[in-house]
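The values are calculated or read from the model by the stated rules, or taken from the named source; none is laboratory data. All values reported here derive from a predicted model rather than from experimental measurement. Every residue, glycine as well, gets a Cβ built from its backbone with ideal geometry; the counts of neighbours run over all protein chains shown.
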């Protein structure tokens with residue numbers, strides 16, 4: 001039997017332990033541009049993994065890259081999920097940010113309306129655009145995001161570098177993500193580069209619309225989204241950063257293996273309750289986006305992307321990528337149990 005003294009001692013230990021304050025969670029302020037390539041961060045937050053592992057995450061949505069970069073520069077964000085190019089430009093301008101993980105390559109595809117799809121089915125893309133102009137008496141009107149956006153770079157690279165389309169056969173118009181989706185659905189344009197999940201949505205809603213090519217066919221390996229962390233946060237919160245990277249990897253694995261399980265968390269961040277979760281499950285498995293968290297896979301494609309953007313006139317010279325990728329942090333996080 002337990003002696004009265006031992007029982008009292010054990011009780012005192014339990015009381016002392018219960019009186020000890022719980023370890024405070026590390027706050028992490030994450031900004032994101034609402035695109036499917038950032039899905040890993042939606043999942044790790046929505047599934048409750050971050051809170052369970054001691055991270056108190058605050059999510060902030062930005063409708064444009066410039067606004068997100070401005071917030072990063074002001075010190076109000078610790079991490080930003082966005083395209084590689086804005087992060088590279090930010091670092092070149094003295095903003096202390098490092099890419100610690102990739103999100104996805106691609107993320108969009110070129111979709112054609114009925115008349116253009118019919119023309120493109122008759123031969124090469126260059127022949128198809130020429131045939132469309134000959135039949136309609138006008139250039140094909142194509143929608144895409146403003147200059148500098150990955151879908152816009154994709155469209156230019158596919159049209160001029162891969163398909164060798166005559167520039168006289170095409171008119172490009174720039175608009176926002178939702179505007180491209182609506183323009184495709186109402187027939188205001190003949191085609192366009194459409195981001196996921198909008199690509200899946202428009203193809204489901206109007207069977208007359210046809211997928212012509214997807215991102216990695218338009219520009220092989222093009223980075224869609226990466227996760228950049230401020231140097232201040234990384235240096236002051238090494239353990240929290242390791243945890244965050246491991247959770248990004250875990251979330252990416254779930255997306256790759258069981259997209260239907262990841263879909264509700266993505267829908268909560270992107271759909272606003274207005275789009276069926278099944279659309280997101282289908283979009284996560286779309287050939288237009290390839291998920292992967294290893295930043296080493298996007299180093300060379302990032303350099304190719306930035307170099308091509310110089311050709312397009314997005315920058316006078318390509319932003320330097322020295323120090324942009326923190327490959328050591330990714331490797332260290334995955335070694336940590």
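Below are the figures for this structure:
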item	result
Those residues of segment 257-268 which are touching a helix residue (DSSP H, G or I) at 6+ places or on another chain (Cβ under 9 Å), without any contact (Cβ under 8 Å) to a residue 60 or more places away in the chain and surrounded by fewer than 23 Cβ atoms within 10 Å (Cβ to Cβ), in sequence order	259, 260, 261
Residue count, segment 137-147 (criterion: outside any strand (DSSP E or B) and surrounded by 19 or more Cβ atoms within 10 Å (Cβ to Cβ))	1
Complete set of residues in segment 204-237 that are more than 30 Å from residue 74 (Cα to Cα) and part of a strand (DSSP E or B)	210, 211, 212, 213, 214
Filter pass, residue 57 being in contact (Cβ under 8 Å) with a residue 40 or more places away in the chain and in contact with a helix residue (DSSP H, G or I) (Cβ under 8 Å, 6 or more places away or on another chain)	no
Test: residue in segment 39-53 that is on the phi > 0 side of the Ramachandran plot, modelled with pLDDT of 95 or more and not assigned by TED's automatic domain parsing to the domain that holds residue 316	no
Residue 218 farther than 18 Å from residue 104 by Cα, touching a residue at least 60 places away in the same chain (Cβ under 8 Å) and touching a strand residue (DSSP E or B) at 6+ places or on another chain (Cβ under 8 Å)	no
Of residues in segment 148-157 being over 14 Å from residue 191 (Cα atoms) and either outside the structural domain of residue 177 (by TED's automatic domain parsing) or touching a helix residue (DSSP H, G or I) at 6+ places or on another chain (Cβ under 7 Å) (or both), the one surrounded by the fewest Cβ atoms within 10 Å (Cβ to Cβ)	148
Residues of segment 96-136 that turn out to be surrounded by fewer than 20 Cβ atoms within 10 Å (Cβ to Cβ) and within 30 Å of residue 333 (Cβ to Cβ), as a count	1
Cβ pairs under 6 Å, 6+ apart, first in segment 307-328 and on the phi < 0 side of the Ramachandran plot and touching a residue at least 24 places away in the same chain (Cβ under 8 Å), second surrounded by 13 or more Cβ atoms within 10 Å (Cβ to Cβ) and part of a strand (DSSP E or B)	324/99; 325/99; 326/98; 326/100
Filter result for residue 66 (modelled with pLDDT under 95, surrounded by fewer than 23 Cβ atoms within 10 Å (Cβ to Cβ) and on the phi < 0 side of the Ramachandran plot)	yes
Selection status of residue 13, at pLDDT below 80 and either under 15 Å from the mean Cα position of the chain (by Cα) or not assigned by TED's automatic domain parsing to the domain that holds residue 89 (or both)	yes
Sole residue being surrounded by fewer than 16 Cβ atoms within 10 Å (Cβ to Cβ), in the same structural domain as residue 326 (by TED's automatic domain parsing), more than 13 Å from residue 112 (Cα to Cα) and modelled with pLDDT of 95 or more, chosen from 231, 171	231
Unique match (being surrounded by 15 or more Cβ atoms within 10 Å (Cβ to Cβ), at pLDDT 95 or above and part of a helix (DSSP H, G or I)) among 183, 188	183
Residue within segment 86-95 that is farther than 23 Å from residue 178 by Cβ, surrounded by 20 or more Cβ atoms within 10 Å (Cβ to Cβ) and within 13 Å of the chain's Cα centre (by Cα) present	yes
